[in-house]
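Written out below as structure tokens is the structure these notes cover.
The values are calculated or read from the model by the stated rules, or taken from the named source; none is laboratory data. What you are looking at is a predicted structure, and each value in this text was computed from that prediction instead of being measured. Cβ: placed from backbone, ideal geometry, glycine included. Neighbour counts: every protein chain shown.
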């Protein structure tokens, strides 16, 4: 089975998956603890427009991704502040408008439509060294943020009111959480399907929440099971020749279901 590791494209994909897992285990746990799992789906929708625009203008999709991610966070904050809509409604309004814009522009791409499908349905040959370098930097930034601001971020996550009473500027922590999450999703879309990214971020966090009795172990278990699903995918892809993204999500779903049954008993 190790012969599959002799292929550069497979090693690139595996390294990229491991890096994504190390970040998404803790980041996805924050999403679950904040009780806003749909935010990943909303961000993926708006970044679909980013993919189409970057292809349409033959631009660097990494640059477009970061720009669109920041614009989305700013628009979300403004829509919440100056309208009567709730946070959930604001996310859905923005995501559906941007998704509709992306679908509209797809018809104008012509032969470039195949590149859009590479993002939507993930092609293992699509991952290169540049993706790995960017994810390494994202992991370094995430570790730095977590070391210096992790405890305060957890307080904000658990209760905005208690965090404010302790002098923590919860709006500032909400902002960097949203910006990092949006940029991480933007840079991970080549690694994961647009259609399955939501599950990969949310399922490990829910598994960790069910499996552990302390807050610290929620993050540890989520990271462990994210990595475990990637390792299991390595075996499944070799013996069954299955789709990578779908296989990982199904493996996580099976683990999640097993823990739910064990918890009930």
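Per-residue answers, yes or no, for (1) over 21 Å from residue 17 (Cα atoms); (2) at pLDDT below 85; (3) part of a loop (DSSP other than H, G, I, E, B); (4) touching a strand residue (DSSP E or B) at 6+ places or on another chain (Cβ under 7 Å):
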position: 125; (1), (2), (3), (4): no, yes, no, no
position: 133; (1), (2), (3), (4): no, no, no, no
position: 153; (1), (2), (3), (4): yes, no, no, no
position: 164; (1), (2), (3), (4): yes, yes, no, no
position: 167; (1), (2), (3), (4): yes, yes, yes, no
position: 198; (1), (2), (3), (4): no, yes, no, no
position: 203; (1), (2), (3), (4): no, no, no, no
position: 209; (1), (2), (3), (4): yes, no, no, no
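The single residue among 222, 182, 186 that is at pLDDT below 80 and buried (at least 16 other Cβ atoms within 10 Å of the Cβ) turns out to be 186. Restricting the range 20-50 to residues that are over 12 Å from the mean Cα position of the chain (by Cα) and part of a loop (DSSP other than H, G, I, E, B) leaves a set whose member that is farthest from residue 212 (Cα to Cα) is 36. Considering only the range 3-16, I want to know if a residue exists there that is modelled with pLDDT under 80, surrounded by fewer than 17 Cβ atoms within 10 Å (Cβ to Cβ), touching a helix residue (DSSP H, G or I) at 6+ places or on another chain (Cβ under 7 Å) and more than 19 Å from residue 229 (Cβ to Cβ). Yes. When you look at residue 140, is it more than 18 Å from residue 205 (Cα to Cα), at pLDDT 80 or above and surrounded by fewer than 15 Cβ atoms within 10 Å (Cβ to Cβ), yes or no? Answer is yes for this residue.
If you filter the range 53-75 down to residues that are at pLDDT below 75 and farther than 23 Å from residue 132 by Cβ, you find that the one that is surrounded by the most Cβ atoms within 10 Å (Cβ to Cβ) is 56.
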